[in-house]
Structure formats: structure tokens, C-alpha cells
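Every number in this text was worked out from the coordinates using simple rules, so none of it is lab data. On a predicted model such as this, the values are computed, not experimentally measured, just so you know. Methodologically, a virtual Cβ is constructed for each residue, glycine included, from the backbone with ideal geometry; neighbour enumeration extends over all protein chains shown.
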Amino acid sequence: MASERTLRGIVVGAGGMGRGWLRTVDRSDRAELTAVVDLDIARATEATAELTTPDVAVFGSVEEGLAAIKPDFLVDVTVPAAHHAVTLAALRAGVPVLGEKPAAATLAETVQLAAASDYYGVPFVVSQNRRFEPHADQVLAAVEQTGRPELVDVLFSKAIHFGGFRDEMDHPLLLDMSIHHLDYLRYVMGDDPVVDVLCDEFNESWSWYAGDASAALLMRFASGARATYVGSWSSPGLQTSWNADWRFTGQRGTVHWDGDNEPEIGLADGDPEPLPQASSHNGLPASFDAFLDGLTGGPAPTTAIADNLHSVALVFASFSSSATGKRVAVRDVLERARDEAARTADESGLADAVRSLDLTP
């Protein structure tokens, strides 16, 4: 029998990433996996065979699963196009959601979900698991030694043949992968929001993606700091870490992080202080525990939708900049998305919540 502190959960989506989340919930001593939801019942049933939890129910729709199980939480690992419908159904049912990135397929849908979380009083957290990489907090400690960065350079280079929905997306790199890096950039920069972005999305001549799989960005922060981001998902040879390659330049020195190992610190004067140990609790389990902490009286996760909305807005401002060839203000893109989200809300109370949503980063 589950202990009093064990929370009962549903995982929606039994694909590759879904199975990673199924294993994470299955192995947690703080949660009980009660059901898997997937349009492909056979795939969901097959996924349950890999788990240690007995008698995991299988459903073909989120509404059916929510009605039958009445869970304490839901993990949404569906394709981006389904995130809005799945998350909104759970929030309306009073069920907290931990969702995979991006929060939704459009910025207007993301704004609507942020408002819905407030309106229904139910937490919605996005699993930006790059904030929980083993060396992620070491980078923060290193940057403290060199001073607030005024220049950040990020390079990401991979050549990945996924197949499936990513090959057909309009913006496969920025929306499905770079959002991790841009979210982590915001995390390191703390209370210094991105004001505007200049972006050029493109495809190399040999790219196998239908949408643009490469991009170059220049971002400007409220403090005047600048960040560059150059990324590609179709760049063969000499590939970077999945976490990208980073340089943070501050007044007292520079931090370099290759994405996989302890960051290096080069100071203009003196020797750097030792860094804290790398985290042994990281990845999906750490992201999941942060979510559970928030549900059981602990601190709200740093990736709650109120914060994550601004990572999604940065991505969509990048799309707008690439389409126009001009620098785009992130706040302007958010305001337009809020107008659309209010127009498309399917109930008046939610529309009012969208209009009153605080868009301050």
C-alpha cells in the first residue's frame, strides 16, 4: 500500500521520452504510477511491461484516464501539438501538471496555460531539465567569481536523424532543442530579462529537416549584456555536448563550460575558488523531485509556467525576428500572444484571466 506521502500519477505519452518519464515515476519512492495514456494502446501496454509497478492501467485518452484515476499529478510527454489540450484538461480537473518542453506549440497557447494555472489554482511546471544537469549549478558558482556576465557565447552542434514529428516541424532546432539552452541562459542571468532578439533561422543545403534546423541569435538584456547563440541540428563532425558549449565573460574573468564537465574559470587577477561538487541527483529524477517538492509544501519549482513563459516567448520572438529580418522586442511578442489567447479562450473567466496575466519576467 502506498504511504500517506506517496502521490498517484498518470503519464501521458508512451514514446521514447515518455518511457524515460515512465521509468522516472516508476522508480520514485515519492510517487506511484497508476496509469499510462497514449493514443496507441498497444504501445502504452508494451511500455508498462518494462516497469516494476504492477497493475498500471492503460487508457486511450487523457479525459478517460483523469476520470477513472483521479490522480494527484499528471506528466505530459505528448507531442508539442497536444500539450495545450492535455494540460488544460488536467488543470480543469484540478490535477497539477509537469509537462515536457515546449509548454505548448504556440506562444498564445502557452500564455493561455499560464493564465489557466492561475485561474484554476493548479500548478503547471515545465521540465526544463537542463537546469538539473550535474554541472549546472557549478556554472552559477563559477559565474559569481567572474562577475555578472556582459557577454555570453553559446555554440550547439549536432547531426541527429530523429525521424517522426521533429523532421516535419517548422522550427525543429529552436522550439524542440534550443529552448533548453535559452532557458538555461535565462537561469544563469537571473533577474536580467532579455529585452530583444535578432535571429536568422536557416537550413544547410544538406539538411534533412523540413523546417529550419540551424539558427544564429543575438540577444540583448535589460542590463545591456549581450548573448550570442549559434546552433545546428544538422552539423556533422566535431559535435558539442547536448548541453552546448558556453563562454561567460564578466569584469573579473571568463567561465568556459563544455556542457559535460566542470566549468573552467579564468580570472584576470588571482586564482579561482574551488567549486562545489557536481550534483549526483540530476536529470529527469531531479526535475521530478523539484515538482513533487512544490506539491508537498516545498518551494515552487524554478520552471513553473510563470517563469517558463518567458523562455517560450524568447523562442517565438526569435521566429518573428527571422521572418522580418529585424530586431524584435520580447514584450511585444508576448502582448500579441496575450491578445490571441484571450480571443481564443473557450470560457469568459479564462479569457479574463488571460487579459489580467502579469507578463513581467
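Restricting the GluC sites (Glu not before Pro) of region 49-114 to loop positions (DSSP other than H, G, I, E, B) with no more than 11 neighbouring Cβ atoms within 10 Å leaves Glu50.
Need one number: the % of Cα-Cα pairs in region 304-356 sitting beyond the 18 Å mark. Result: 39 percent of Cα pairs exceed 18 Å. The largest-to-smallest principal axis extents of the Cα set in the chain are 61, 46, 43 Å. Note on region 255-355: the C-alpha convex hull projects to 11.6 nm² when averaged across all orientations. For region 286-338, the set of trypsin sites (Lys or Arg not before Pro) satisfying both a DSSP loop assignment and a count of at most 12 other C-beta atoms within 10 Å is given as Lys326.
Highest average first, the peptides 73-86, 268-281 ordered by how many other beta carbon atoms sit within 10 Å of their residues are 73-86, 268-281.
Which percent, to the nearest 5, of DSSP beta bridges fully inside the chain are antiparallel?
Values: 33 of 60 bridges.
DSSP beta bridges in the chain are roughly 55 percent antiparallel.
Once the mean of 1/r is taken over each pair of separate Cα atoms and inverted, region 24-115 shows a Kirkwood hydrodynamic radius of 13.8 Å.
Only lysines eight or more places from Lys70 in sequence, or on another chain, were considered; those with a Cα closer than 27 Å are Lys101. The ranking of Trp206, Trp233 by Cβ neighbour count inside 10 Å, starting from the fewest, reads Trp206, Trp233.
Only sites in a loop by DSSP and with at most 16 other Cβ atoms within 10 Å count here; which GluC sites (Glu not before Pro) in region 258-348 make the cut? Present the calculation step by step, with values, prior to reporting the outcome.
Working: sites: Glu264, Glu335, Glu340, Glu347; in loops: Glu347.
Passing sites in region 258-348 are Glu347.
Across the chain, C-alpha contacts under 8 Å between residues 6 or more apart give a mean separation that, scaled by the residue count, equals a relative contact order of 18 percent.
Restricting things to alpha carbons, find the Rg to Rh ratio for region 134-267 using the Kirkwood radius for Rh.
Rg/Rh for region 134-267 comes to 0.99.
Please give me the summed charge of the neighbours of Phe124: other residues whose Cβ is under 10 Å from its Cβ, Lys and Arg +1, Asp and Glu -1. Summing Lys and Arg as +1 and Asp and Glu as -1 gives -2. Across region 134-267, C-alpha contacts under 8 Å between residues 6 or more apart give a mean separation that, scaled by the residue count, equals a relative contact order of 38 percent.
Under the simplified labelling scheme, the Leu218-Glu340 pair shows an inter-label distance of 2.7 nm, with each label point 7 Å from Cα along Cα→Cβ.
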